[in-house]
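The values are calculated or read from the model by the stated rules, or taken from the named source; none is laboratory data. Keep in mind that what you see is a predicted model, and the values were worked out from it rather than measured. Here the Cβ positions follow ideal geometry from the backbone for every residue, glycine too, while neighbour counts run over all protein chains shown.
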Ligand SMILES: Nc1ncnc2c1ncn2[C@@H]1O[C@H](COP(=O)(O)OP(=O)(O)OP(=O)(O)O)[C@@H](O)[C@H]1O
Ligand SMILES: [Mg+2]
């Protein structure tokens, strides 16, 4: 794909296989297992290539077991690839693990990089030593992060006493104290309530914009993707099923649109445009549906505006989440005809 | 509130510390979180010292010497007390790596740009310092008052013991570290841990001095590193081993530190390659 000079992560033909023993069950089976065992190879990541540009905010999505975390582990240098090449900000992660670690920040939603028995503050102090963050940078970073994430009351609390959402705020801070160029987030919003999620999203958006940090985000929450990511990579059984901008995903996969129109009270006329289906109609409200291959949104709207007195108009398209769900469910080809039923009125 | 206070509120950190020193300090601090465990530890130590000194007193049956024993009764009591104190001073977390590999928590350590073995070693030192201050020193004072343990007179005994203790501690640390590395290859390392525990209990000299083993066994025990952990420092401290023999044993200890250290370092290199992080 794009291998411009602007890229900060490059992945070529990357694979990671796991060998899994197929144990026989039962008493006789477990004795047989002692002597002979059959192994199968699981291709967790199967020959994928992509490159990510500086400042990108990439959503890395896929069903459970698709290989997302496996990829993130290889990108952060804690898992050795079976084959293929990775370069992250000039380093091969599993070879220059420590060097790579200085350039990246990592949050694994189910884990914490803070020290369990120590107050949050002490963990930050350790991270400052570990990453040798210069005094001024550290001060500026800490003050900014603790203010935006409202860490004040949490700083003296031992990590094991924090709630999930509180801990996540501290973990995000921990990942950013050394001002990394790239931030890897593996399900950072897992288990958070709606308010906390919103909070984290706003924060990540700010980090991406203001610090120009490249962010790779793994999540099952499609609202995260829709709200944050300029680009989506969809993984399906270890292979890339889609890679492109979030906008392009909609253009590529969704040809169908729906329009909801509210007419002025005294306008009781109907709408009839070739290739546009009137799905539902009440006295003042009309629901239309059409395929963009037949007629453009613009044409439909302008024709309606000419003929009727419109009070309100709303254009609907399916959410990214529904498109992605469709890609998971049907594979690439079938999803070309993503239908609108689920999301549209 | 004064403006100074507000300042410390927004930036509540002291000056930056060198990383491994900071690990030592934080590990020390971490121990304080477990006050209950601490008191149990002290009581446990006291109980063990009481049991072993009583046992030796019973064996010596009031006499000053014992048939077949190179120790006088008073030396024997001192041996029991100090071997136990040294053992307590060397208490360390011995399978943290195994636990972290099983839970996958090790991934969070591996994303940090530090030497993992050095980080663990620093944490062990912090823990050990904590044990010295909070267990060994108070227990030593109690033991000197309550049991008939005798402190050495010659300053050289203290210097030699200090060296022997550091080397013995290093041997134990490296053995523990090496065994815990097995977790990179085997998901279940309990049997290895059990074997290590058995070898340590029998041959470190923590419970029975090596002198009491049958003559044919002594050269064999000298071939494995365990007696250099507790037997050598304790014997030097109570004056059972002195002079040139003490120096010779210190040298052997040093050789063990380097040999085991080298082996562990190689195993560590291989373990890193082997690295598979469990869990999602
Ligand atoms: N250490 C391992 N040993 C064997 N198989 C593994 C190992 N780690 C991962 N796998 C397998 O590789 C596949 C991909 O796992 P991975 O954790 O990357 O999925 P994921 O996309 O992160 O899924 P989730 O959304 O559930 O977190 C799964 O089938 C998993 O069972
Ligand atoms: Mg995962």
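Output the residues belonging to segment A:216-232 that are surrounded by fewer than 23 Cβ atoms within 10 Å (Cβ to Cβ) and closer than 19 Å to residue A:76 by Cβ.
A:219
Does residue A:160 satisfy the condition of being touching a residue at least 40 places away in the same chain (Cβ under 8 Å), more than 16 Å from ligand 2 (Cβ to nearest atom), farther than 30 Å from residue A:246 by Cα and touching a helix residue (DSSP H, G or I) at 6+ places or on another chain (Cβ under 8 Å)?
No.
Which members of segment A:99-126 meet the condition of being under 17 Å from residue B:27 (Cβ atoms), within 8 Å of another protein chain (Cβ to nearest Cβ) and without any contact (Cβ under 8 Å) to a residue 60 or more places away in the chain?
The answer is A:115, A:117, A:118, A:121, A:122, A:124, A:125, A:126.
Which ones in segment A:79-91 are more than 16 Å from ligand 2 (Cβ to nearest atom) and either within 14 Å of another protein chain (Cβ to nearest Cβ) or crowded, with 18+ Cβ neighbours inside 10 Å (or both)? Write out each step before concluding.
Taking segment A:79-91 and keeping what is more than 16 Å from ligand 2 (Cβ to nearest atom), we get A:80-91.
Correct list: A:80, A:81, A:82, A:86, A:88, A:89, A:91.
Which condition does residue A:234 not pass, out of (1) at pLDDT below 90; (2) touching a strand residue (DSSP E or B) at 6+ places or on another chain (Cβ under 9 Å); (3) within 16 Å of ligand 2 (Cβ to nearest atom), if it passes all the others?
Here residue A:234 clears every test but (1).
For segment A:281-302, enumerate the residues that are buried (at least 16 other Cβ atoms within 10 Å of the Cβ) and over 34 Å from the mean Cα position of the chain (by Cα).
If the condition is that a residue be buried (at least 16 other Cβ atoms within 10 Å of the Cβ) and over 34 Å from the mean Cα position of the chain (by Cα), then A:286 is the only one that fits.
Could you pull out the residue among B:118, B:85 that is within 26 Å of residue B:193 (Cβ to Cβ) and within 14 Å of chain A (Cβ to nearest Cβ)?
On inspection, the qualifying residue turns out to be B:118.
Could you pull out every one of the strands (runs of 3 or more DSSP E) wholly within segment A:1-78 that has 3 or more residues that are more than 16 Å from the chain's Cα centre (by Cα) and within 16 Å of ligand 2 (Cβ to nearest atom)?
On the way: elements: A:7-22, A:38-53, A:57-62.
Where strands (runs of 3 or more DSSP E) fall fully within segment A:1-78 and carry at least 3 residues being more than 16 Å from the chain's Cα centre (by Cα) and within 16 Å of ligand 2 (Cβ to nearest atom), they are A:38-53.
When you look at residue B:48, is it within 12 Å of chain A (Cβ to nearest Cβ), within 19 Å of the chain's Cα centre (by Cα) and under 27 Å from residue B:158 (Cα atoms), yes or no?
When the stated conditions are applied, residue B:48 does not pass them.
Would you confirm whether any residue within segment B:59-77 is out of contact with any helix residue (DSSP H, G or I) (no Cβ under 7 Å at 6 or more places or on another chain), assigned to a helix (DSSP H, G or I) and within 21 Å of residue B:151 (Cβ to Cβ)?
yes
Between A:193, A:198, A:243, A:221, which is within 14 Å of the chain's Cα centre (by Cα) and away from ligand 2 (no atom under 16 Å from the Cβ)?
When all the criteria are applied, what remains is A:243.
Only one of A:215, A:271 is in contact with a helix residue (DSSP H, G or I) (Cβ under 9 Å, 6 or more places away or on another chain), away from ligand 1 (no atom under 16 Å from the Cβ) and assigned to a loop (DSSP other than H, G, I, E, B). Can you tell me which?
A:271
Condition check ((1) within 16 Å of ligand 1 (Cβ to nearest atom); (2) modelled with pLDDT under 95; (3) closer than 18 Å to residue A:141 by Cβ; (4) in contact with a helix residue (DSSP H, G or I) (Cβ under 9 Å, 6 or more places away or on another chain)) across all residues:
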{"site": "A:172", "(1), (2), (3), (4)": "no, yes, yes, yes"}
{"site": "A:179", "(1), (2), (3), (4)": "no, yes, yes, yes"}
{"site": "A:182", "(1), (2), (3), (4)": "no, no, yes, yes"}
{"site": "A:187", "(1), (2), (3), (4)": "yes, yes, no, yes"}
{"site": "A:196", "(1), (2), (3), (4)": "no, yes, no, yes"}
{"site": "A:203", "(1), (2), (3), (4)": "no, yes, yes, yes"}
{"site": "A:207", "(1), (2), (3), (4)": "no, yes, yes, yes"}
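At least 2 residues that are at pLDDT 90 or above and farther than 30 Å from residue B:243 by Cα in each: list the helices (runs of 4 or more DSSP H) lying fully within segment B:78-157 that qualify.
B:106-110, B:116-131
Is it fair to say residue A:134 is more than 7 Å from chain B (Cβ to nearest Cβ) and buried (at least 18 other Cβ atoms within 10 Å of the Cβ)?
no
Is there a residue in segment B:125-141 that is away from chain A (no Cβ under 14 Å) and on the phi > 0 side of the Ramachandran plot?
No, segment B:125-141 contains no residue that is away from chain A (no Cβ under 14 Å) and on the phi > 0 side of the Ramachandran plot.
Residue-by-condition table, conditions (1) buried (at least 22 other Cβ atoms within 10 Å of the Cβ); (2) within 15 Å of ligand 1 (Cβ to nearest atom); (3) within 14 Å of chain B (Cβ to nearest Cβ); (4) modelled with pLDDT under 90:
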residue: A:35; (1), (2), (3), (4): no, no, no, yes
residue: A:40; (1), (2), (3), (4): no, yes, no, yes
residue: A:46; (1), (2), (3), (4): no, yes, no, no
residue: A:51; (1), (2), (3), (4): no, no, no, no
residue: A:55; (1), (2), (3), (4): no, no, no, no
residue: A:66; (1), (2), (3), (4): yes, yes, yes, no
residue: A:71; (1), (2), (3), (4): yes, yes, yes, no
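Between residues in segment A:7-36 that are within 30 Å of residue A:92 (Cα to Cα) and in contact (Cβ under 8 Å) with a residue 60 or more places away in the chain and residues that are within 16 Å of ligand 1 (Cβ to nearest atom) and not in a strand (DSSP E or B), which pairs lie under 6 Å by C-beta distance while being six or more apart or on different chains?
A:14/A:81; A:15/A:82; A:16/A:70; A:16/A:81; A:16/A:82; A:17/A:82
Take the conditions assigned to a helix (DSSP H, G or I), more than 16 Å from ligand 1 (Cβ to nearest atom) and surrounded by fewer than 13 Cβ atoms within 10 Å (Cβ to Cβ) and apply them to residue B:244. Does it pass?
yes
What residue, among those in segment B:1-20 that are within 8 Å of chain A (Cβ to nearest Cβ) and not in a loop (DSSP other than H, G, I, E, B), is modelled with the lowest pLDDT?
Step by step, filter segment B:1-20, then rank; the result is B:9.
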